[in-house]
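Trainee: Pasting a structure here, questions to come.
The values are calculated or read from the model by the stated rules, or taken from the named source; none is laboratory data. Just so it is clear, the model here is predicted, and its values are computed rather than measured. Note that each Cβ is placed from the backbone with ideal geometry, even for glycine, and that neighbours are counted across all protein chains shown. Protein only, heavy atoms only, side chains kept; ligands, DNA and RNA dropped before computing areas. Shrake-Rupley method; radii C 1.70, N 1.55, O 1.52, S 1.80 Å.
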Amino acid sequence: MALNIQRYMTHGVVRVVTDSLRATAKNEKENKFMKQFAVSSRKASKKRYAAKKEGEHIPPFLIASITSSCNLHCAGCYSRSNHACTDNAPVDQLTGDDWNKIFSEAEKLGISFILLAGGEPLMRYDVIKRAAEHKDILFPIFTNGTYLHKKYLDMLNENRNLLPIISIEGDEKITDERRGEGIYKKVTGAMQNIQSRNMVFGVSVTVTSENIDEVYSDSFLEELYSLGCKAVIYVEYVPVTDESTYLAPSESQEEFMRKSVKRLRRKKRNMVFISFPGDEKSSGGCVAAGRGFFHINSHGGAEPCPFSPYSDINVKNSSLKEALKSPLFRALQTEGLLQDDHVGGCTLYMNKEKVEAILNSEVQNG
């Protein structure tokens with residue numbers, strides 16, 4: 001039986017919202033927002049179904065890398081190795097107004113979640129401020145946590161559609177080894193500041209062959225929960241170089257990850273657990289390239305995902321709807337590459353030569 005991707009993604013949205021309502025039940029302000037968002041997400045789902053009847057597939061998720069700048073130099077950083085991240089922002093990045101236009105169109109299309117990434121997204125206060133205005137969209141902000149000072153805490157407190165997702169690698173030793181000395185204490189301090197305001201946050205954990213036992217352990221998760229964490233997003237490590245391939249989880253470790261997430265969802269129902277790309281395993285393949293989500297880089301290029309930085313259309317000169325119909329996205333969706341089996345994180349990254357060949361073929365056929 002062929003997979004109904006629309007139904008699969010909608011079910012995923014419902015699960016995330018339902019789990020979030022349960023996780024925030026004791027936080028009146030947060031739970032009030034989540035109930036309002038549940039109504040908004042149902043309306044967005046109806047928009048996506050209406051578009052499907054017209055032959056257009058609108059994914060519920062968008063990843064927006066709103067800046068190329070970052071203040072940290074994390075070991076094995078994919079963005080820096082790919083030259084997509086620098087210390088100083090290039091002048092041709094999208095403006096705050098550009099991003100506001102994207103957020104408005106996304107809302108009209110029925111996109112429910114826009115994941116704000118970078119670089120370090122909190123270096124773009126102008127964009128975050130505009131995101132706050134779009135109350136029907138939930139904006140998880142994937143941040144290294146070092147900019148979570150009073151100005152941002154005040155904004156986050158007033159705008160619960162902005163949800164900080166703080167990067168952490170495990171305990172203090174593991175986190176500092178990858179992100180820099182003293183970062184663990186900075187981010188856990190930020191977590192305590194968030195908790196003191198009765199706000200919630202989530203964490204993003206890059207799962208490697210070296211930290212896998214630690215980050216799924218009850219002790220690690222109980223420590224996060226005691227700090228106020230309500231959501232954990234596990235992201236499988238994508239090898240940056242041939243030398244770092246050993247850090248990608250093995251097949252047996254991937255199976256351990258899938259079983260662990262199922263166990264945690266049953267056992268720790270006061271938290272939300274999301275696994276990427278683990279949650280794709282039952283979707284009939286990768287959900288990038290507009291199948292379940294797509295990526296807009298800081299310059300406006302529409303890409304299949306952050307780990308597949310190839311684009312044949314820019315939203316500076318086109319709409320999101322047009323970007324979703326780009327020849328590259330269509331080719332990836334129809335030629336079977338998204339269903340390809342793979343090891344270690346991202347199928348498009350592991351098959352980057354094939355993606356490049358598709359893009360080059362388009363250019364030649366012009």
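Trainee: Which condition does residue 2 not pass, out of (1) at pLDDT below 90; (2) among the hydrophobic types (A, V, I, L, M, F, W, C); (3) open to solvent by less than 80 Å² (accessible area, probe 1.4 Å); (4) not in a helix (DSSP H, G or I), if it passes all the others?
Mentor: Of the numbered conditions (1) at pLDDT below 90; (2) among the hydrophobic types (A, V, I, L, M, F, W, C); (3) open to solvent by less than 80 Å² (accessible area, probe 1.4 Å); (4) not in a helix (DSSP H, G or I), the odd one out for residue 2 is (3).
Trainee: Working carefully through the options 129, 101, 151, find the one that is without any contact (Cβ under 8 Å) to a residue 12 or more places away in the chain and over 17 Å from residue 192 (Cβ atoms).
Mentor: 101
Trainee: Anything in segment 168-185 that is surrounded by fewer than 18 Cβ atoms within 10 Å (Cβ to Cβ) and among the basic types (Lys, Arg)? List them, or say none.
Mentor: 173, 185
Trainee: Another question about this same structure. Kindly indicate which of 327, 277 is more than 18 Å from residue 60 (Cα to Cα) and either crowded, with 16+ Cβ neighbours inside 10 Å or not acidic (Asp, Glu) (or both).
Mentor: 327
Trainee: Just the residues that are of a type outside the set (A, V, I, L, M, F, W, C), open to solvent by 40 Å² or more (accessible area, probe 1.4 Å) and out of contact with any strand residue (DSSP E or B) (no Cβ under 6 Å at 6 or more places or on another chain), please, taken from segment 288-309.
Mentor: Within segment 288-309, 299 is the sole residue that qualifies.
Trainee: Would you mind finding the one in 209, 219, 308, 250 that is on the phi < 0 side of the Ramachandran plot, without any contact (Cβ under 8 Å) to a residue 24 or more places away in the chain and hydroxyl-bearing (Ser, Thr, Tyr)?
Mentor: 219
Trainee: Here's another thing I want to ask about it. Within segment 315-339, track down each residue that is modelled with pLDDT of 90 or more and either farther than 27 Å from residue 235 by Cα or part of a loop (DSSP other than H, G, I, E, B) (or both).
Mentor: 315, 316, 317, 318, 319, 321, 322, 325, 326, 327
Trainee: Just the residues that are assigned to a loop (DSSP other than H, G, I, E, B), touching a strand residue (DSSP E or B) at 6+ places or on another chain (Cβ under 6 Å) and surrounded by fewer than 22 Cβ atoms within 10 Å (Cβ to Cβ), please, taken from segment 61-114.
Mentor: 89
Listed here are the residues, each with its yes/no results for (1) at pLDDT 75 or above; (2) assigned to a helix (DSSP H, G or I); (3) open to solvent by 70 Å² or more (accessible area, probe 1.4 Å); (4) not small (Gly, Ala, Ser).
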{"site": "341", "(1), (2), (3), (4)": "no, no, yes, yes"}
{"site": "344", "(1), (2), (3), (4)": "no, no, no, no"}
{"site": "357", "(1), (2), (3), (4)": "yes, yes, no, no"}
{"site": "360", "(1), (2), (3), (4)": "yes, yes, yes, yes"}
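Trainee: I need a count of the residues in segment 38-64 that are of a type in the set (Val, Ile, Thr) and touching a residue at least 24 places away in the same chain (Cβ under 8 Å).
Mentor: Of the residues in segment 38-64, 2 are of a type in the set (Val, Ile, Thr) and touching a residue at least 24 places away in the same chain (Cβ under 8 Å).
Trainee: Right, something else. Among the residues of segment 121-145, what is the count of those that are part of a helix (DSSP H, G or I), more than 15 Å from residue 111 (Cβ to Cβ) and either within 17 Å of the chain's Cα centre (by Cα) or not hydroxyl-bearing (Ser, Thr, Tyr) (or both)?
Mentor: Counting residues in segment 121-145 that are part of a helix (DSSP H, G or I), more than 15 Å from residue 111 (Cβ to Cβ) and either within 17 Å of the chain's Cα centre (by Cα) or not hydroxyl-bearing (Ser, Thr, Tyr) (or both) gives 9.
Trainee: Which count do you get for residues in segment 197-217 that are modelled with pLDDT of 95 or more and either more than 22 Å from residue 264 (Cβ to Cβ) or outside any strand (DSSP E or B) (or both)?
Mentor: Number satisfying all stated conditions: 7.
Trainee: May I ask you to verify whether residue 264 is in contact with a Leu (Cβ under 8 Å, 6 or more places away or on another chain), farther than 29 Å from residue 49 by Cα and in a helix (DSSP H, G or I)?
Mentor: yes
Trainee: I would also like to ask the following. Hey, any hits in segment 79-94 for a residue that's aliphatic (A, V, I, L, M), out of contact with any Phe, Trp or Tyr (no Cβ under 8 Å at 6 or more places or on another chain), at pLDDT 80 or above and over 26 Å from residue 333 (Cβ atoms)?
Mentor: no
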